[in-house]
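Enquirer: Structure provided below as structure tokens; questions to follow.
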Amino acid sequence: MKDVEAKKKSSVRCGLSMELSSLLHDFHLSSSSEKPLPSSSLPPITELLSRLQEKLIAASSDSETSSLIGRVERLFQTADPYWLFSANGDEEWAELQAAYGAVVGALIGCAALPPCEDDCGSLPASAYRSVPGRAGPVCSALAALLRTLGNAGCPTGLLLAVAAPVCVFAVTHFQDQVWTSSSSRAAAQSLQEALLRVGGWRDSSHLLMGHGRREGEVEEEEEEGGRSRGLLGGILDVLQPQLTKDSWQRCEAVKLVFSWTLLQVTRPSLSPHLSHLLPPSLLLNDHYRPENCILGVRCLHHIVLNTPAADLRQFNRAEVVYQALFKHLYTSETAVIQPVLSCLLDLLVVLEKPPSSLRPSSSRRMSCRHDDVLRLVLTHMEAEQKVALRRVYASALPLYIDRMGVAVCRHLRQVERVVLGYLEVRDPPEETSRLQILEVLKITTRAAWPRMACRVAVLLRCLLKLLVAVSSDSGLSVSVRQTLKNQTCLCLKLLDDCCHGDVQRLLQQVDSSCCSSEVLSCLATVTVTNS
């Protein structure tokens, strides 16, 4: 039985050796003999890798390229790992790493996306028709290399030499875009999973940041150069030449790979790379196309949330981001305004203390950036007619009013006009704008209650009209109507507290013949509670 198994293994080795000899013959690196080459007769692997790179770059047709990629994959599958990854001394290891990096780059170049001819940053789908067919075989060849690397237990440096470009390639092709197909996406996803397995990374975030090492592994990993060391720096080095002001729009995939990378990196790993992450984010933010602008704002918001305030303030970075975001407040694009308002809210506390946290002072408070943003938002809210944009503004306003605290007194006239204007206009079916504006009124009344008494008459009339309109609006669901009535009654109670019972006395004078029983029952809850 043992003899049979030995014969089988011997025949397999002979077959692999024959195939390797054939491959070497194809690359003109062996004699024309059909006999398998002994290991001593094999050329240096760096010589073969150099020849492979030349042939991959020089391939002039899809069929020739496909054939070459297939041969490279078979080479990684059949060759002796000791020969594939053999080197003596630091110099030879550096040469071997460079050779594999060059071959991986040539393979990736076989499935590179066609560049845009101008700054439009977009090509028709027909321009990418051939990309998925080339990406699949390249993914397969790269996965074969990674598996052989993992099985051979090679030093970490060799893996790190190829991991960053392989990761960029996988991320480019596993996204659902015009240059991918279901099969190419599956191949790219498999390549990414192979990279994670070989490197010992748990997931993509761990791959980028290299965190989460177990105790007892630290010394060993640091001595070897860190198998779980993150690839963020290497990936940014790969992307950097394409992320300049003049080149980032030439390839549509670059911004997607960059944003995918950035949005998975959290503190404290983000801060050391801030100088490489912030400029591309600002480029995206400044672009005229809304989709690029939104992507840039998302990247900037992620940076703000995951970078220490001191690092953001260094070199005036936070002020630069603030100015880049502030200008978007003049746009009428709903999809842009929403993330901008959210990002500005988190950025403002980096630049200055919230007005609500300041101690009382005898001197007049100086206007700050919070005032500038709130003033501009309120100005646009007063004139805005688009329903979607009104909802976005109304949803963001409570957070800004709450941040201002008693300092909202400086903006009370504008706040009052916005409250009156928004409560008069229906916003079915969820009445989002009205509910958020009622929340604004509650926050304002609690924060600036000494200044509300002089506004009670106008606000009371508006709230009563709202109660009457809502109670007779059959187009609203029962739950929405009840929520609106409850919030309106709460606003009435708060206003009554501000003016020491004046609202209660005014409500008792309401003519019951002019109101439905539903409205009267709501008013009764206000007067009963406060009596």
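Enquirer: Express in % the proportion of alpha carbon pairs of region 223-288 at distances exceeding 17 Å.
Expert: Details: 886 of 2145 pairs.
Tail of P(r) above 17 Å: 41 percent of Cα pairs.
Enquirer: Please get the size of the charge dipole for region 382-441, origin at its Cα centre, with Cβ charges of +1 on Lys and Arg and -1 on Asp and Glu, quoted in debye to the nearest 20. Don't skip to the end; give the middle numbers.
Expert: On the way: 9 positive and 9 negative charges, 39 e Å.
For this selection, approximately 180 debye.
Enquirer: If you project the alpha carbons of region 156-196 onto their three principal axes, what span does each projection cover, largest first, in Å?
Expert: The principal-axis extents, from largest down, are 34, 14, 9 Å.
Enquirer: Right, here's the next one. Jot down the radius of gyration and Dmax of region 41-94, Cα atoms only, both in angstrom.
Expert: 12.9, 39
Enquirer: Which is the longest stretch in the chain that no exposed loop site breaks, taking sites as trypsin sites (Lys or Arg not before Pro) with a DSSP loop state and at most 15 other Cβ atoms within 10 Å?
Expert: On the way: sites that count: Arg129, Arg202, Arg214, Lys245, Arg364, Arg365, Lys386, Arg426.
My reading of the result: 1-128 is the longest stretch.
Enquirer: What is the packing order of peptides 109-117, 343-351, 138-146, taking the mean over residues of other C-beta atoms within 10 Å and listing the highest first? If you can, show how the numbers build up before the last one.
Expert: Working: 109-117: 16.1, 343-351: 19.4, 138-146: 24.1.
Final packing ranking: 138-146, 343-351, 109-117.
Enquirer: Placing +1 at every Lys and Arg Cβ and -1 at every Asp and Glu Cβ, with all other atoms neutral, what dipole size does region 363-475 have around its Cα centre, in debye to the nearest 20? Kindly include the intermediate steps, with their values, before the conclusion.
Expert: Numbers: 19 positive and 12 negative charges, 106 e Å.
Charge dipole, region 363-475, about its Cα centre: 520 debye, nearest 20.
Enquirer: Could you list, in their original order, any pairs among Lys327/Lys386; Lys255/Lys327; Lys327/Lys465; Lys353/Lys386 whose Cα atoms are separated by more than 27 Å?
Expert: Numbers: Lys327/Lys386 20 Å; Lys255/Lys327 22 Å; Lys327/Lys465 37 Å; Lys353/Lys386 33 Å.
Violating the 27 Å limit, Cα to Cα: Lys327/Lys465; Lys353/Lys386.
Enquirer: If you average 1/r over all unlike Cα pairs in region 297-390 and invert the result, what Kirkwood radius do you get in angstrom? Intermediate results must be reported in sequence, preceding the final value.
Expert: Numbers: mean 1/r = 0.0690 Å⁻¹.
Answer for region 297-390: a Kirkwood hydrodynamic radius of 14.5 Å.
Enquirer: What Rg and what Dmax come out for region 415-531 when only alpha-carbon atoms are used, in angstroms?
Expert: Both quantities, over Cα of region 415-531: 13.3, 38 Å.
Enquirer: What helices does the chain have that are whole DSSP H segments, at least 15 Å long along their own axis by Cα, and with mean Kyte-Doolittle hydropathy of 0.5 or more?
Expert: Numbers: long enough: 2-26 (36 Å, -0.48); 45-58 (20 Å, 0.40); 62-78 (24 Å, -0.48); 89-109 (30 Å, 0.39); 131-152 (31 Å, 0.76); 156-174 (26 Å, 1.94); 182-199 (26 Å, -0.02); 252-262 (17 Å, 0.98); 274-285 (16 Å, 0.94); 290-305 (22 Å, 0.87); 334-351 (25 Å, 2.13); 369-383 (22 Å, -0.21); 387-404 (26 Å, 0.53); 412-423 (16 Å, 0.53); 432-447 (23 Å, 0.22); 456-471 (22 Å, 2.28); 478-498 (30 Å, 0.14); 517-530 (20 Å, 0.99).
The answer, listed by residue number, is 131-152, 156-174, 252-262, 274-285, 290-305, 334-351, 387-404, 412-423, 456-471, 517-530.
Enquirer: How big is region 397-480 on each of its three principal axes, counting only the C-alpha atoms and giving the largest first in Å?
Expert: If we take the Cα atoms of region 397-480, the spans are 39, 26, 17 Å.
Enquirer: Restricting the calculation to Cα positions, tell me the Rg (one decimal) and the Dmax (whole number) of region 442-506 in Å.
Expert: Here Rg and the maximum Cα pair distance are 12.6, 38 Å.
Enquirer: Next question, about the same structure. In square nanometres and to one decimal, what's the mean projected area of the convex hull around the Cα atoms of region 109-155? Please report the intermediate quantities before stating the final value.
Expert: Numbers: hull surface 18.6 nm².
Dividing the Cα hull surface by four gives the mean projection, 4.6 nm².
Enquirer: Among residues other than Glu382 whose Cβ falls under 12 Å from its Cβ, what is the net charge (Lys/Arg +1, Asp/Glu -1)? Write out the running numbers ahead of the final one.
Expert: On the way: positive: Arg375, Arg390, Arg413, Arg417; negative: Glu384, Glu416.
Net local charge, Glu382 excluded: +2.
Enquirer: Grab the other residues whose beta carbon is less than 9 angstrom from that of Arg426, score K and R as +1, D and E as -1, and report the net. Display every interim value, and only then the final one.
Expert: Numbers: positive: Arg434; negative: Glu424, Asp427, Glu431, Asp473.
Net local charge, Arg426 excluded: -3.
Enquirer: Hey, how much of the P(r) for the chain falls beyond 44 Å, as a percent of Cα pairs?
Expert: Working: 56839 of 140715 pairs.
Value for the chain (Cα pairs over 44 Å): 40 percent.
Enquirer: Let me have the relative contact order for region 452-531, percent, based on Cα pairs under 8 Å that are six or more residues apart. Display every interim value, and only then the final one.
Expert: Numbers: 49 pairs, mean separation 30.3, N = 80.
Relative contact order for region 452-531 comes out at 38 percent.
Enquirer: Among the GluC sites (Glu not before Pro) in region 393-489, which ones are in a DSSP loop with at most 13 other Cβ atoms within 10 Å of the Cβ? Mind listing them?
Expert: Details: sites: Glu416, Glu424, Glu430, Glu431, Glu439; in loops: Glu424, Glu430, Glu431.
Loop-located and lightly packed - Glu424.
Enquirer: Quick one: net charge around Val456, please, counting Lys, Arg +1 and Asp, Glu -1 for every other residue with C-beta under 9 Å from its C-beta.
Expert: Values: positive: Arg455; negative: Asp496, Asp502.
Net local charge, Val456 excluded: -1.
Enquirer: Whole angstrom only: what separates the Cα centroid of region 281-339 from the Cα centroid of region 85-146?
Expert: 32
Every number in this text was worked out from the coordinates using simple rules, so none of it is lab data. As the structure is a computational prediction, the values presented were derived from the model and not from experiment. Positions of Cβ are generated from backbone atoms using ideal geometry, with glycine treated the same way; all protein chains shown enter the neighbour counts.
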